[in-house]
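Here is the structure we will look at, set down as structure tokens.
The values are calculated or read from the model by the stated rules, or taken from the named source; none is laboratory data. Just so you know, these numbers come straight off a predicted model, no measurement behind them. Here the Cβ positions follow ideal geometry from the backbone for every residue, glycine too, while neighbour counts run over all protein chains shown. All accessible areas refer to the heavy atoms of the entire protein, side chains included, with ligands and DNA or RNA removed. Shrake-Rupley method; radii C 1.70, N 1.55, O 1.52, S 1.80 Å.
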Amino acid sequence: MPSTSRHTGEVNCDGAGVNLYRRNVGLMLIAPDRRIFVGRRAGQPEAWQMPQGGGDDDETPIEAACRELWEEVGTTKALLLRESAKWLTYDVPEKLRPVRWKGRWHGQAQRWYALAFTGRDADIDIEAHDQEFDAWQWMTAAEMLDCIVPFKRPTYESVVEEFSDLVK
């Protein structure tokens, strides 16, 4: 079972003290009609995903989730509905691992949050900060799962299953 460290931003998943997974949060932003916010990663036309991002050393996961909502979606118009019961992990294919990771992490361990969007589409501004997404749309859970990169799909399927009563 992974253990987390609030101050290091790492998750120990191998039982031998090697931190293989970067601590991260994921956000399922849900519209009133139960569709999900999905953004297309800037410069990666086939890479659609829900907002996610790493936690800073001085943040709790929920604080990171609130910051990521503002930074990636450009809104704070949301209410927390639920937190995932456990951390979920995925491995990033070696050739796709970010250079800034310097080989340190194999993937990410994520705590997921379901959020009810309380604004209007005009309240979303993906260009408000460092632009993570170059396009966005509301999708049903099935549509979203069809366009997620394969290595993230099992994690996204787990998130949809856990929050299924909110999106189906």
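Scan the range 118-152 for residues that are acidic (Asp, Glu), over 15 Å from the mean Cα position of the chain (by Cα) and surrounded by 14 or more Cβ atoms within 10 Å (Cβ to Cβ) and jot them down.
At the first step, the residues of the range 118-152 found to be acidic (Asp, Glu) are 121, 123, 125, 127, 130, 132, 134, 143, 146.
Next, from what is left, pick out any that are over 15 Å from the mean Cα position of the chain (by Cα): 121, 123, 125, 127, 130, 134, 143, 146.
The answer is 123, 134, 143.
Given the range 77-143, what strands (runs of 3 or more DSSP E) lie entirely inside it while holding 2 or more residues that are closer than 19 Å to residue 153 by Cβ and in contact (Cβ under 8 Å) with a residue 12 or more places away in the chain? Quick ask: steps written out before the conclusion?
Details: elements: 78-83, 88-91, 107-117, 133-139.
Because the criterion is at least 2 residues that are closer than 19 Å to residue 153 by Cβ and in contact (Cβ under 8 Å) with a residue 12 or more places away in the chain, the strands (runs of 3 or more DSSP E) in the range 77-143 that meet it are 88-91, 107-117, 133-139.
Exactly one of these conditions fails for residue 57: (1) assigned to a loop (DSSP other than H, G, I, E, B); (2) surrounded by 15 or more Cβ atoms within 10 Å (Cβ to Cβ); (3) in contact with a Ser or Thr (Cβ under 8 Å, 6 or more places away or on another chain). Give me its number.
Condition not satisfied by residue 57: (2).
So that you can scan it fast, the table gives a plain yes or no per residue for (1) over 21 Å from residue 22 (Cβ atoms); (2) open to solvent by 70 Å² or more (accessible area, probe 1.4 Å):
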site	(1), (2)
99	no, yes
109	no, no
116	yes, no
155	no, no
163	yes, no
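Taking residue 92 as meeting all but one of (1) more than 22 Å from residue 163 (Cβ to Cβ); (2) open to solvent by 20 Å² or more (accessible area, probe 1.4 Å), write down the number of the exception.
Looking at each condition in turn, residue 92 falls short on (2).
Give the residues of the range 133-147 that are of a type in the set (A, V, I, L, M, F, W, C) and more than 19 Å from residue 68 (Cα to Cα), sorted by residue number. Walk me through it before giving the result.
In the first step, residues of the range 133-147 are kept if they are of a type in the set (A, V, I, L, M, F, W, C); the result is 133, 135-136, 138-139, 141-142, 144-145, 147.
Those that are of a type in the set (A, V, I, L, M, F, W, C) and more than 19 Å from residue 68 (Cα to Cα): 139, 141, 142, 144, 145, 147.
If residue 66 passes every condition in (1) touching a residue at least 24 places away in the same chain (Cβ under 8 Å); (2) within 21 Å of residue 122 (Cα to Cα); (3) not basic (Lys, Arg) but one, which one does it miss?
Result: residue 66 fails condition (1) only.
Suppose we filter the range 60-89 for residues that are aliphatic (A, V, I, L, M) and open to solvent by 50 Å² or more (accessible area, probe 1.4 Å); how many remain?
Within the range 60-89, the first condition is being aliphatic (A, V, I, L, M), and the residues that meet it are 62, 64-65, 69, 73, 78-81, 85, 88.
Add one more test, that the residue is open to solvent by 50 Å² or more (accessible area, probe 1.4 Å), and what stays is 62, 79-81, 85.
Number satisfying all stated conditions: 5.
Looking at 130, 91, which one is at pLDDT below 95, of a type outside the set (S, T, N, Q) and touching a His at 6+ places or on another chain (Cβ under 9 Å)? Show your work before the answer.
Values: 130 fails: touching a His at 6+ places or on another chain (Cβ under 9 Å).
Checking each option against the conditions leaves just 91.
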